[in-house]
Amino acid sequence: MFNDKRGVPNQLGERNIIAKNTSLVGDISSDGDFRVDGKIEGTIKTSGRVVIGKEGIVTGTINCVNADIEGTFSGKLIVDEILSLKDSAIISGEVTLGKLSVEPGATFNATCVMKGSVKVMQNGEQETKKTA
């Protein structure tokens, strides 16, 4: 009669929102996605997606699977898969990523390391993958 959902994982995923006019100082860790429309100073670590809205500002470290940035980020950014920068994005600091998508108008002033661009072969030589 009643559906017992205890022990069943949430298949829709969890979403965490830092709303406009909200400031947070500290470290955040979660398995869910994040959307930042306010201001964060600290570390965000997630196995999901991080979205920084147009008015969002993050200073510190982000470690995530995917990121979409429309606002401002300064610090160390580690994205396992795809970093997508919208035309209003402003990025500065250190960036490590799998793939990069940049719209015209975005500001990207960062040192950038793209993972997966160099493959070490068994004999110790390096093989460069062509990405374009």
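The values are calculated or read from the model by the stated rules, or taken from the named source; none is laboratory data. Treat the numbers as computed from the prediction; the structure is a model and nothing was measured. Backbone-built Cβ (ideal geometry, glycine too); neighbour counts: all protein chains shown.
Close contacts from the range 85-101, counting a first residue that is surrounded by 15 or more Cβ atoms within 10 Å (Cβ to Cβ) and a second that is aromatic (Phe, Trp, Tyr), with Cβ to Cβ under 6 Å and a gap of 6+ residues or different chains, come to Ile91/Phe73; Ile91/Phe108. Among the residues of the range 59-88, those that are touching a Leu at 6+ places or on another chain (Cβ under 9 Å) and among the aliphatic types (A, V, I, L, M) comprise Ile62, Ala67, Ile69, Leu77, Ile78, Val79, Ile82, Leu83, Leu85.
Residues checked against (1) small (Gly, Ala, Ser); (2) at pLDDT 95 or above:
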position: Ile52; (1), (2): no, yes
position: Asp68; (1), (2): no, yes
position: Leu85; (1), (2): no, yes
position: Ser92; (1), (2): yes, yes
position: Val95; (1), (2): no, yes
position: Ser117; (1), (2): yes, no
position: Gln122; (1), (2): no, no
position: Glu125; (1), (2): no, no
position: Thr131; (1), (2): no, no
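Once the range 1-49 is narrowed to residues that are more than 19 Å from Thr72 (Cβ to Cβ), among the charged types (D, E, K, R) and within 19 Å of the chain's Cα centre (by Cα), the residue that is modelled with the lowest pLDDT is Glu14.
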